[in-house]
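What follows draws every value from the coordinates through simple rules; no lab data is involved. It should be emphasised that the depicted structure is a prediction, and the values quoted were computed from it without experimental measurement. Every residue, glycine as well, gets a Cβ built from its backbone with ideal geometry; the counts of neighbours run over all protein chains shown.
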Amino acid sequence: MKIKQVFALVLSMTLFGSACAQPLDKARLDQFFDRLFEKNKGMGSIAIAKDDKVLYTRSFGYSEVTETKKTLLTDQTKYRIASITKMYTAVMIFQLIEEGKLKPGDKLDKFFPQVPNAEKITIAQILSHRSGIPNIPPDGSGMQPRTEEERVAEIARLQPDFEPGSKHLYSNSGYVLLGYIVEKAGGQPYQQALKERIVSKLGLQHTYMGTGNTSTDRNESLSYRYMGGWKEAKEPDFSITAGAGAILSTPVDMVKFIQGLFDLKLISQKSLDQMKTMTDGEGMGMEPFTFAGKNMYGHTGGSSTSGAWLAYYPEEKLALAYTTNAKIYPVKDIVSGVFDIYWNRPFEIPGFDAFKISAEVLDQYTGIYTAPGAPVKWIVTRKDSALFIEQEGGTAIPLEATEENKFTITTGVTIEFNASKKQMTIKRPQGERVFTKEN
């Protein structure tokens with residue numbers, strides 16, 4: 001009887017282990033990314049790692065597109081990781097706390113007394129987006145470089161959104177200030193602190209703070225929109241985002257970073273627990289995710305054209321990093337699809353087949369659209385079986401039909417037409433606006 005029980009136990013463990021350790025379907029992942037690129041739904045790179053071992057990498061698309069050349073993305077191409085920078089900044093703040101150079105309760109006026117409520121705002125509140133510091137202000141052109149003094153002055157000019165600690169509101173400006181505090185409390189430039197405190201400790205090869213703007217001379221990817229072809233999209237100067245979003249990296253370096261963080265190679269367990277503690281859906285430089293029913297930690301980042309996602313599942317020591325220099329198909333949907341494929345869950349690779357509409361119907365939508373108080377007019381035209389939209393004097397952007405009267409733009413904007421009312425509704429994440437066709 002005992003022999004039978006032992007045999008049954010061993011058999012059960014073998015079967016169970018086999019079910020949980022199915023080989024990664026790399027061919028299906030390749031098919032997914034091939035489809036995204038073939039249908040002009042994105043370009044980028046990805047890395048998946050488990051137990052400190054990289055299981056899968058893939059790059060698809062171009063880091064630079066000109067009239068004379070197309071430079072392919074590789075696993076060594078650096079991307080803007082945008083707000084994922086906040087994780088690195090938060091880690092360095094916690095290192096300074098552990099070294100006794102900062103305290104979570106230190107007030108902001110210790111460093112920047114000119115910021116409203118600085119005498120009330122704590123380091124901990126800035127880390128958790130509970131400071132009331134307004135988000136980065138749209139002051140002038142974001143393409144122009146700023147000094148620290150100019151950025152602080154821009155932030156200090158705005159009134160607080162709320163009393164410190166009273167609620168949560170995501171603030172890039174707060175992390176810009178934290179980046180400067182890393183420099184002041186640590187006594188070295190952010191770039192040097194990043195190198196000594198994180199990059200060198202983990203053996204990262206392609207991670208650093210950006211200067212100026214992205215450059216292909218440094219094997220950095222430019223950002224693109226698809227408008228009948230890949231068109232370069234300008235991004236802000238790195239001095240604008242600073243400690244909130246100025247790091248460049250690769251997916252392989254990013255998975256090494258988050259694995260090193262959770263392996264306590266950078267900060268203590270106490271500090272990591274503080275980063276992971278969520279209040280109003282936000283930690284301290286860390287965000288919670290749920291994919292395939294599993295709770296994860298990490299951060300997201302992006303602009304209107306570029307994006308990044310870094311996720312870690314502690315129970316399996318599983319890390320995923322995805323970066324894109326052409327954010328068209330939603331990044332979250334791509335990451336979700338990758339996790340479904342990883343865990344062999346049902347997932348249908350999108351076909352991205354175009355919704356066909358007759359020329360007669362499309363012609364009902366063409367014309368010049370205006371709205372009371374709107375600073376621009378929109379011109380809708382048809383070319384063959386496609387609609388295009390442009391501002392007066394601007395560039396025509398193709399619209400992709402999703403229903404007979406609904407269209408999308410690669411920047412994530414949705415446009416809905418009502419031919420009987422001669423109206424066009426433009427829907428953005430910030431809200432929507434109705435435009436009426438001129439007679």
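Between their Cα atoms, which of 195/256; 53/256; 39/231; 50/195; 50/86 are more than 20 Å away from each other?
Values: 195/256 14 Å; 53/256 9 Å; 39/231 16 Å; 50/195 24 Å; 50/86 23 Å.
From the list (195/256; 53/256; 39/231; 50/195; 50/86), the Cα-Cα distance tops 20 Å for 50/195; 50/86.
Suppose a student asked you for the relative contact order of segment 304-417, using Cα pairs under 8 Å spaced at least 6 residues apart; what percent would you report? Please report the intermediate quantities before stating the final value.
Details: 155 pairs, mean separation 19.6, N = 114.
About 17 percent, as a whole number.
So how much slack lies between residue 403 and residue 385, counting 0.36 nm per residue of separation and subtracting their Cα-Cα distance, in nm? Display every interim value, and only then the final one.
Working: separation 18, 0.36 × 18 = 6.48 nm, distance 1.41 nm.
Length difference between fully extended and current span is 5.1 nm.
Counting pairwise Cα distances across segment 359-437, what percent come out greater than 20 angstrom? Intermediate results must be reported in sequence, preceding the final value.
Details: 652 of 3081 pairs.
Beyond 20 Å sits 21 percent of the P(r) for segment 359-437.
Is it possible to state the helix-based mean residue ellipticity at 222 nm for the chain, with each DSSP H run of 4+ residues giving -39500 (n - 2.57), the sum divided by total residues, to the nearest 500 deg cm²/dmol? What is it?
On the way: 12 runs with 127 residues, N = 439.
Helices in the chain give a 222 nm mean residue ellipticity of -8500 deg cm²/dmol.
Lys pairs in segment 359-437, Cα-Cα under 18 Å, at least 8 apart or on separate chains: how many?
12
Please work out the Cα center distance from segment 179-200 to segment 299-348, rounded to the nearest Å.
Between the Cα centres of segment 179-200 and segment 299-348 lies a distance of 28 Å.
For segment 350-432, which GluC sites (Glu not before Pro) are both in a DSSP coil and crowded by at most 16 other Cβ atoms within 10 Å?
Numbers: sites: 360, 390, 392, 400, 403, 404, 416, 432; in loops: 392, 404.
Of the GluC sites (Glu not before Pro), the ones in loops of segment 350-432 whose Cβ has at most 16 other Cβ atoms within 10 Å are 392, 404.
Using R₀ = 56 Å, calculate the FRET efficiency as 1/(1 + (r/R₀)^6) where r is the Cβ-Cβ separation of residue 360 and residue 280; round to 0.05.
Working: r = 51 Å, r/R0 = 0.90.
That gives a FRET efficiency of 0.65.
Would you please name the GluC sites (Glu not before Pro) within segment 61-129 that are DSSP coil residues with at most 16 other C-beta atoms within 10 Å of their C-beta? Let's see the in-between values first.
Numbers: sites: 64, 67, 98, 99, 119; in loops: 67, 99, 119.
Here the sparse-neighbourhood loop sites are 67, 99, 119.
Compute the signed sum of charges (Lys and Arg +1, Asp and Glu -1) over the other residues within less than 14 Å, Cβ to Cβ, of residue 299. It would help to have the intermediate numbers written out before the result.
Working: positive: 80, 86, 276, 332; negative: 282, 287.
Surrounding charge for residue 299 is +2.
Where in the chain are the DSSP H helices whose C-alpha atoms run 15 Å or more along the long axis and whose mean Kyte hydropathy is at least 1.0? Numbers along the way, then the final one.
Working: long enough: 2-20 (27 Å, 1.26); 26-38 (18 Å, -0.70); 85-98 (20 Å, 0.84); 172-186 (21 Å, 0.45); 251-262 (17 Å, 0.94); 331-342 (16 Å, 0.92).
TM-like helix candidates: 2-20.
Using a Gaussian network for the chain with springs between C-alpha atoms less than 10 Å apart, which of these wobbles most: 237, 353, 109?
It is 353.
Hey, can you rank 228-235, 338-345, 89-96 by average C-beta count inside 10 Å, highest first? It would help to have the intermediate numbers written out before the result.
Values: 228-235: 15.9, 338-345: 19.0, 89-96: 25.4.
For the peptides 228-235, 338-345, 89-96, the packing ranking is 89-96, 338-345, 228-235.
Starting with the fewest neighbours, write out 151, 157, 382 ranked by other beta-carbon atoms found within 10 Å of each beta-carbon. Provide the component values of the computation, followed by the final result.
Working: 151 22, 157 13, 382 16.
The fewest-first ordering by Cβ neighbours comes to 157, 382, 151.
Please enumerate, by chain and number, the lysines with C-alpha under 17 Å from the C-alpha of residue 234, excluding those fewer than 8 residues away in the same chain.
78, 327
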